[in-house]
Amino acid sequence: MAPTSKTQRPARTARLLGSVVALAVLAGFAGCSSAQEPEREFLGVRRVTVAMHNDLPGLSYSANYDRSGLDFLVFRHIEEEIDVDFSEPVDVSSGDRVTQLIERKADMTIASFSITAERMDEIDFVGPYLKTRQGFLVGPDSADVKRLADLRGSQICTWQGTTSVEALQGIKETVGAEPVTLTDASDCIEQLVAGQVKAVSTDQAILYGFARQYEKEGLRVVPDVTIGAPQHYGIGLPKGYTADCRRLASWLKKHVGTSGWIRDVETSLPTLIKDDPAWISSYKPSAAEIEARSCRDSISP
């Protein structure tokens, strides 16, 4: 190899220095780009924990570690919509739904969660994604029950932590029925199957899920018999995340207007669809109803 001349050395050195500077500049740009890239968060966390029931067939049910029901399908759609990590759902009881959100043991609750003025004081809602009325589930020995008066003098079961408890108190005066409040839904269903109570009363959407699961036992929803005001199921969120709440509400208004929402209800609650061919008019919320109840401290007129 020929020796390098003195005139070649400065040029070579300059080229080497230029390369080093160029690499340093590129590395600096890469570092800035990495630093400026925002972390994916929703509701203030990088991994969202969702709380759900595990004992309501048709809505939120878990068996052998597999979940099913309309609430679970809503959760899956949200997973697809929001670009953030989600944990596997955690269980929640009806009475703990608000507390679990306030204490941030859950970041989101999808659990047949009725939107009420009292709950809106403490948490935010997105919804409703389903409307329903409170009805009655009866057993095989109650073929004669066709109207509310047919339950006179009987015991009617519901469970703690639900809006059904308050509505059921009223029938004690109107038809002389005796409300029985137990810990959870399974307790009431066990007593109904055993003939210890005449009926179970809660939201019809929930009752239709039980009617299908216990079809062999002869359980059925009494058609066209309801009490109380309509219930509006919402997605519960902690307060303080208005932008994320509005984003979810915008998605829900679009979703409820699609055929996908109809298929989800048909898949989850086929007994309801069979008993009520005009179910969409009763159970489907409007965009205005979602707007009036989402991301607010009170229900908008």
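Skip the ligands, DNA and RNA, and give the accessible area per residue of the chain with a 1.4 Å probe, whole Å².
On the way: 15350 Å² over 301 residues.
On a per-residue basis, 51 Å².
What's the extension gain from A117 to S154 if we count 0.36 nm per residue and subtract their Cα-Cα distance?
Taking A117 through S154 to full extension adds about 10.2 nm, to one decimal.
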Practice problem: Report relative contact order for the chain in percent, whole number only (criteria: Cα-Cα under 8 Å, sequence separation at least 6). | Solution: 24
Quiz item: Cα gyration tensor of the range 220-259, axes a ≥ b ≥ c as square roots of the eigenvalues: rounded (a/c below 1.5), prolate (a/b > b/c) or oblate?
Solution: oblate
Quiz item: the range 89-203: Rg/Rh from Cα coordinates, Kirkwood Rh?
Solution: 1.02
Practice problem: For Q196 and N54, calculate 0.36 nm times their separation in residues minus their Cα-Cα distance, and state this gained length in nm to one decimal. | Solution: 48.7 nm
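Considering only protein heavy atoms and a 1.4 Å probe, what is the carbon-and-sulfur percentage of the accessible area of the chain? It would help to have the intermediate numbers written out before the result.
Working: 7710 of 15350 Å².
Summing carbon and sulfur atoms, their accessible area is 50 percent of the total for the chain.
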Quiz item: Do any of K216/K284; K105/K198; K146/K284; K131/K254 go past 27 Å between their Cα atoms, and which?
Solution: K216/K284; K105/K198
Exercise. For Y214, Y65, Y233, give the ranking by accessible area with the largest first, probe 1.4 Å.
Key: Y65, Y214, Y233
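With charges set only on the Cβ (+1 for Lys and Arg, -1 for Asp and Glu), what does the dipole of the range 132-207 come to about its Cα centre, in debye to the nearest 20? Working shown, then result.
On the way: 6 positive and 10 negative charges, 56 e Å.
Approximately 280 debye in magnitude.
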Quiz item: Using every alpha carbon pair in the range 159-229, what percent of pairs falls into each 10 Å bin from 0 up to the bin containing the largest distance?
Solution: 18, 56, 25, 1
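Ordered by packing density, taken as the mean number of other Cβ atoms within 10 Å over each peptide's residues, highest first, how do 191-200, 122-131, 168-177 rank?
Working: 191-200: 19.5, 122-131: 23.3, 168-177: 15.2.
By packing density, highest mean first, the sequence is 122-131, 191-200, 168-177.
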Quiz prompt | Top positive-direction residue, dipole computed over the chain with Cβ charges, set V256, T183, P270 | solution = V256
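The values are calculated or read from the model by the stated rules, or taken from the named source; none is laboratory data. If you're wondering where the values come from, they're calculated on a predicted model, not measured in any experiment. Neighbour counts run over all protein chains shown; Cβ positions are idealised from the backbone, glycine included. Note: areas computed on protein heavy atoms with side chains; ligands, DNA, RNA excluded. Shrake-Rupley method; radii C 1.70, N 1.55, O 1.52, S 1.80 Å.
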